[in-house]
């Protein structure tokens, strides 16, 4: 039983890494520069932090079977944790006063190009 749970957890972890890599590739091809991946604080974690000129984008990546399932999987509590981690990251930047920011979601679906939802919350 424990071995099955560990195997399931490892599989989910690998899937998450692949989804984040694929999402980072999609953002790069759109002209964003990836400045951090899996940024962690005690308040929360941001999967990808990307920059395009003076815009910072905090991205939550979700690998799900459907776009709706990906969007529905981000609870209000998760949004607050991601937002807190994003605010922590912004506060550490020298040029924070001139930066604008937003929170996006990238849904990674089976056999499809990642779907980018801008300004998700």
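For the reader, a short list of remarks on this structure follows.
- Identity of the residue in segment 88-121, touching a helix residue (DSSP H, G or I) at 6+ places or on another chain (Cβ under 8 Å) and assigned to a helix (DSSP H, G or I), that ends up farthest from residue 48 (Cα to Cα): 96
- Looking only at residues in segment 17-46 that are touching a helix residue (DSSP H, G or I) at 6+ places or on another chain (Cβ under 7 Å) and assigned to a loop (DSSP other than H, G, I, E, B), the one that is modelled with the highest pLDDT is 41.
- Selection of segment 70-87 for residues being part of a helix (DSSP H, G or I) and in contact with a strand residue (DSSP E or B) (Cβ under 7 Å, 6 or more places away or on another chain) yields 70, 71, 82, 83, 85, 86.
- Residue in segment 49-69 that is surrounded by the most Cβ atoms within 10 Å (Cβ to Cβ), counting only those that are in contact with a strand residue (DSSP E or B) (Cβ under 6 Å, 6 or more places away or on another chain) and without any contact (Cβ under 8 Å) to a residue 40 or more places away in the chain: 50
- Residue list for segment 29-48, filter: more than 24 Å from residue 79 (Cβ to Cβ) and without any contact (Cβ under 8 Å) to a residue 12 or more places away in the chain: 29
The values are calculated or read from the model by the stated rules, or taken from the named source; none is laboratory data. Keep in mind that what you see is a predicted model, and the values were worked out from it rather than measured. Cβ: placed from backbone, ideal geometry, glycine included. Neighbour counts: every protein chain shown.
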